[in-house]
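One structure is given below, encoded as structure tokens.
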Amino acid sequence: MKIGEDITDENIQRKTGSIFNIQFFSVHDGPGIRTTVFLKGCPLRCLWCHNPEGIKKQKHLAFAERKCINCGVCAQVCPQVHSFDGGKHVVNRAACAMRGACVDACAARALEIVGREASVGEITSEVMREKRFYEGSAGGVTVSGGEPSMQPEFLFALVKNIKKENIHVALESSGFCDYSVLEAVLPYVDLFLYDCKETDPELHRKFTGVDNKLILENLRNLYKAGARIRLRCPLVRGLNDRDDHFRGIAALSKEMDGLEGVEILPYHKLAASKADRMGLERQDEYEQIPREESDRWTDKVREYGGRVIVS
Ligand code: SF4
Ligand code: SF4
């Protein structure tokens, strides 16, 4: 069945999906002032993942150890998940039924359920509250993740419904999905923020868990189909801060000369502490990249003939 075939004007508002955040006043996810809706689920495992709470499709119990005052109340309301081993708070997430009793009981706000089911109608009403800011700044709404294409029907309904309100819609994607998803949402997406994490296929696999063949194929197909695309290139020291990678980026920009341009996104350390808080696998930590360093790579892309966007 084609994506969106089941979605009608009558049922579109009721379509639900799994999200983990709605961020207002975002200025780094496309043009102008934006609201970014983050969908859960991602098939990649980037070593530097900046949104580790978006990887799992399911809800997740987050625990901020630095906020915990070891009062033990959570262990009273939910002893199967919370216990103390020699004074150390142990969280057994496998036993968690996501009822949130411990979250409500924790006065220190050290616990949180990350992720919720939300309907297209609900999200559209939330994002429409900021309409005047979009209009005043040539901004709009960005759908991000995780990888939004992991929930194709929900994504389709969401971008279609927001577009109906005459709002600029951007979609951030790794491009690692069946092309049919990108094709289905294309009429409702004004700008694709398309990741280009690594141009070497083997290194791409090493850094993200998948190679970039499908991603590049989808990029070329999307471009041929007339999409407006901005390439987003994370810069991580010791991984992709290499001349051949940035030559590769410039080559893509030259090959598809109608691309809006290339944007370089320097790694920031926030992700590692987020992963800790979520009780997710500890990520490798990389050095924070100073502005001058990312500017140097931006200049390189320009020098190699690529079109650059500086935000
Ligand atoms: S694509 Fe994004 S959400 Fe998925 S693992 Fe990579 S950085 Fe994280
Ligand atoms: S209720 Fe909150 S502060 Fe108290 S032990 Fe549990 S997580 Fe820590």
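Some notes on this structure:
- FRET efficiency for the E303 to S180 pair, using the beta carbon distance and R₀ = 45 Å, is estimated at 0.75.
- Relative contact order of the chain: 20 percent, from C-alpha pairs under 8 Å at least 6 residues apart in sequence.
- A DSSP coil position with no more than 10 other Cβ atoms inside 10 Å describes the following trypsin sites (Lys or Arg not before Pro) in segment 112-168: R129.
- Springs join every pair of Cα atoms under 10 Å in this Gaussian network model of the chain, and among N240, N161, N11 the largest mean-square fluctuation is at N11.
- For the chain, the 222 nm mean residue ellipticity estimated from helices alone, with every DSSP H stretch of n ≥ 4 adding -39500 (n - 2.57) and the total spread over all residues, rounds to -9000 deg cm²/dmol.
- Label sites at V27 and M1, each approximated as a point 7 angstrom past Cα along Cα to Cβ, lie 4.4 nm apart.
- Rg(Cα)/(2.2 N^0.38 Å) for the chain, N = residue count: 1.05
- Considering all different alpha carbon pairs of segment 10-58, the Kirkwood hydrodynamic radius works out to 12.6 Å.
- At the residue level, D85 shows approximately 110 square angstrom of accessible surface with a 1.4 angstrom probe and all protein chains present.
- Placing unit charges on each Cβ (+1 for Lys and Arg, -1 for Asp and Glu) gives the chain a dipole about its Cα centre, and among A250, V189, M150 the Cα reaching farthest toward its positive end belongs to M150.
- Cross-link pairs K57/K88; K2/K160; K224/K300 - those with Cα-Cα distance over 18 Å: K57/K88; K224/K300
- R0 of 22 Å, Cβ-Cβ distance E255-D200: FRET efficiency to nearest 0.05: 0.85
- DSSP-assigned coil residues among chymotrypsin sites (Phe, Trp or Tyr not before Pro) in segment 119-190, each with at most 12 further Cβ atoms within 10 Å: none
- Solution diffusion estimate, µm²/s, Stokes-Einstein, segment 32-97, Kirkwood Rh from C-alpha pairs, 25 °C, viscosity 0.890 mPa s: 169
- Of the solvent-accessible surface of segment 60-114, computed with a 1.4 Å probe over protein heavy atoms with every protein chain present, carbon and sulfur atoms account for 50 percent.
- Annotation for R109 and S83: the two label points, set 7 Å from Cα along the Cα-Cβ direction, are 3.1 nm apart.
- Cβ charges +1 (Lys, Arg) and -1 (Asp, Glu), total dipole of segment 60-114, debye: 80
- Difference of contour (0.36 nm per residue) and Cα-Cα distance, V310 to E285: 6.5 nm
- Set of lysines with alpha-carbon distance to K274 below 16 Å, sequence-local pairs under 8 removed: K40, K56, K59, K67
- Kirkwood-based Rg to Rh ratio, segment 207-311, C-alpha trace: 1.01
- DSSP H segments from the chain that extend 27 Å or more along their own axis, Cα-based, with Kyte-Doolittle mean of 1.6 or above: none
The values are calculated or read from the model by the stated rules, or taken from the named source; none is laboratory data. Bear in mind that the values here come from a model prediction, so they are computed numbers and not experimental data. Don't worry about glycine lacking a Cβ; one is built from the backbone with ideal geometry, like all the others, and counts go over all protein chains shown. Each accessible area value is taken on the protein alone, full model and side chains, heavy atoms only, with ligands, DNA and RNA left out. Shrake-Rupley method; radii C 1.70, N 1.55, O 1.52, S 1.80 Å.
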